[in-house]
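Here is the structure we will look at.
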Amino acid sequence: MLFPFLMLLSLVLAGCSPQDAGNSAAPARREVSVATVASQAKGFAVGSLMAANTVYVFFDTQCPHCGHLWEASRGLHGKIKFVWIPVGMINAISSAQAAALLTAVDPAALMGEHEASLLAGKGGISGSSSVPPDIEKAIKSNTQLLNSFGAEAVPFVIAKNLKTGQTVSRDGAMSTPVLAEFLGLDLP
């Protein structure tokens with residue numbers, strides 16, 4: 001009886017890791033910094049764009065845990081700004097789908113479509129096999145930045161907690177209430 005509960009708990013807390021994709025190189029770690037992410041990462045913003053606080057989410061388009069976090073974050077879009085930062089680490093389609101999101105006219109709508117398809121087991125949106133060099137470079141840079149923090153999985157969330165003012169980071173999917181608590185948001 002305890003074993004099924006532990007398996008379910010591990011799935012809820014899980015994330016997709018580079019080791020899942022066969023990448024076992026351990027990079028040197030640097031301090032997780034909101035300012036570093038804000039200045040170096042390329043992503044797309046959703047939610048309350050005028051919010052004083054920004055939540056940064058590193059994600060891989062082929063990660064179902066990232067899809068679950070996307071769904072959980074939607075309930076908080078009216079309260080906070082999220083910047084979703086695509087990386088390419090799970091498989092070859094990750095970068096092509098990331099490029100489609102970064103170049104979309106409405107990346108939030110395309111992300112919603114993508115995650116619904118991914119979570120339904122359909123693989124997500126299609127991506128072009130021809131990724132513009134500047135976008136490919138941005139995705140590689142995002143991946144290197146994520147690795148520099150020593151992150152072990154995606155999704156990887158970095159923000160300032162609204163109640164404490166402290167920089168917080170965490171990998172793995174979270175439910176909406178857990179995400180709100182992590183960010184220091186009060187839910188009604």
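The values are calculated or read from the model by the stated rules, or taken from the named source; none is laboratory data. Keep in mind that this is a model prediction, so the values were computed, not measured. All Cβ positions, glycine included, derive from the backbone under ideal geometry; neighbour counts span all protein chains shown.
Annotation note: of 57, 37, 46, the sole residue that is closer than 19 Å to residue 171 by Cβ, outside any helix (DSSP H, G or I) and in contact with a Phe, Trp or Tyr (Cβ under 7 Å, 6 or more places away or on another chain) is 57.
Quickly run through region 139-156 and pick out the residues that are over 16 Å from residue 31 (Cβ atoms), touching a Gly at 6+ places or on another chain (Cβ under 9 Å) and outside any loop (DSSP other than H, G, I, E, B). 139, 140, 142, 143, 154, listed by residue number. Within region 94-104, can one find any residue that is in a helix (DSSP H, G or I) and farther than 19 Å from residue 64 by Cβ? Yes, the conditions are met somewhere in region 94-104.
When region 130-164 is filtered for residues that are buried (at least 23 other Cβ atoms within 10 Å of the Cβ) and either in contact with a Leu (Cβ under 6 Å, 6 or more places away or on another chain) or of a type in the set (Phe, Trp, Tyr) (or both), the ones remaining, listed by number, are 155, 156, 159. A Cβ distance below 9 Å, combined with a sequence gap of six or more or placement on separate chains, defines the contacts here; from region 136-163, residues that are touching a residue at least 24 places away in the same chain (Cβ under 8 Å) reach residues that are acidic (Asp, Glu) and exposed (fewer than 15 other Cβ atoms within 10 Å of the Cβ) in the pairs 149/31; 162/186. Only one of the numbered conditions (1) of a type outside the set (D, E, K, R); (2) surrounded by 19 or more Cβ atoms within 10 Å (Cβ to Cβ); (3) at pLDDT 95 or above is violated by residue 109, and that is (2).
Of all the listed residues (115, 71, 136), the sole one being in contact with a helix residue (DSSP H, G or I) (Cβ under 8 Å, 6 or more places away or on another chain), assigned to a helix (DSSP H, G or I) and within 15 Å of residue 16 (Cβ to Cβ) is 115.
Each row is one residue, and each column tells you yes or no for (1) touching a Lys or Arg at 6+ places or on another chain (Cβ under 6 Å); (2) over 26 Å from residue 103 (Cβ atoms); (3) not aromatic (Phe, Trp, Tyr).
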residue	(1), (2), (3)
139	no, no, yes
144	no, no, yes
148	yes, no, yes
156	no, no, no
160	no, yes, yes
168	no, yes, yes
174	no, yes, yes
178	no, yes, yes
183	no, yes, yes
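Every condition in (1) aliphatic (A, V, I, L, M); (2) part of a helix (DSSP H, G or I); (3) modelled with pLDDT under 95 is met by residue 89 except one, and the failing one is (2).
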